[in-house]
Amino acid sequence: KKSIGKVLIVLPILFLPFVIFANQKYKQEIIFNSVTIKGEFLPYNITINIPGQDPIIKTITYGDEIGELPDVDIEGYTFDGWEDNKGNTVDEHTKVTGEIEISPKLTPIEYNITYDLNGGTALNPTKYTIEDKITLKNPVKEGYNFSGWTGSNGDSLQTEVIMNKGTTGNLNYIAHYSNSDTTP
């Protein structure tokens, strides 16, 4: 039986019907083995999506591990591993059982915003991420007019400061005033 089984695996599919008719006793075993062998050796595409880059396609044989995955370093985010399009965690040891598309799990980094209000008051956020757009509220100081902000926005006074999406890093702003009997 063992030698017939080995011969059947080596024989081209064209001869399989003849062998099945000649050996009816092994018909179910032969069909089962041919289907199993076909499934085990199929290559599958693994699509690796990294924001800002063209997808990377790896071809992996059924049952093999995905293997080495690229490093991900995207400004403003921490890389927390890989996941498939269903949210399942994927790593280099994940066994391939079909086509799969994976993406990095990215968490926006939280940055600090500090203010020197020089005696004024304003309710502005003290944290932000690369995904936030923030317009600073100007401070109020009794007896003074607000002249503008300096700091992370530069040395020129600005009465409107907008942090657009894509901004990164810790920020610092200083409020400036003029006496209320003069114009800013």
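Quick note: the coordinates plus some simple rules give every number you see, no bench work behind them. A quick note: this is a predicted structure, and the numbers were derived from the prediction, not measured. Note that we place each Cβ from the backbone using ideal geometry, even for glycine, and neighbour counts take in every protein chain shown.
Before moving on, here are some points about what is shown:
- For segment 47-100 versus segment 108-184, the gap between their alpha-carbon centres in whole angstrom: 41 Å
- Taking a point 7 Å from the Cα of Thr168 along the Cα-to-Cβ direction, the residues of segment 63-80 with backbone N closer than 11 Å to it are 73-79.
- Each of Lys105 and Lys127 was given a label point 7 Å from its Cα along the Cα-to-Cβ line. The distance between the two points is 1.9 nm.
- Total lysine pairs in segment 45-184 at Cα distances under 18 Å, for residues eight or more apart or on different chains: 7.
- Size of charge dipole - segment 73-157 - debye, nearest 20, with Cβ of Lys, Arg +1 and Asp, Glu -1, no other charges: 520 debye
- Spin-label proximity, Glu142 to segment 120-135 - amide N less than 13 Å from point 7 Å beyond Cα toward beta carbon: 120-121
- For Thr78, the residues whose amide H sits under 5 Å from its own are Thr107, Ile109, ignoring neighbours fewer than 5 places away on the same chain, with H placed 1.01 Å from N.
- Here the 3J(HN,Hα) profile of segment 103-114, calculated from phi with Karplus coefficients 6.51, -1.76 and 1.60 at θ = phi - 60°, is 9, x, 7, 10, 10, x, 6, 9, 9, 8, 10, 10 Hz, Gly and Pro shown as x.
- Among the trypsin sites (Lys or Arg not before Pro) within segment 136-184, those in coil by DSSP and having at most 12 neighbouring Cβ atoms inside 10 Å are Lys137, Lys165.
- With the simple model of a label 7 Å out from the Cα in the direction of the Cβ, Asp73 to Ile56 spans 1.4 nm.
- Loop-resident GluC sites (Glu not before Pro) (DSSP state other than H, G, I, E or B) in segment 100-182 with no more than 14 further Cβ atoms inside 10 Å of their Cβ: Glu110, Glu131, Glu142, Glu160.
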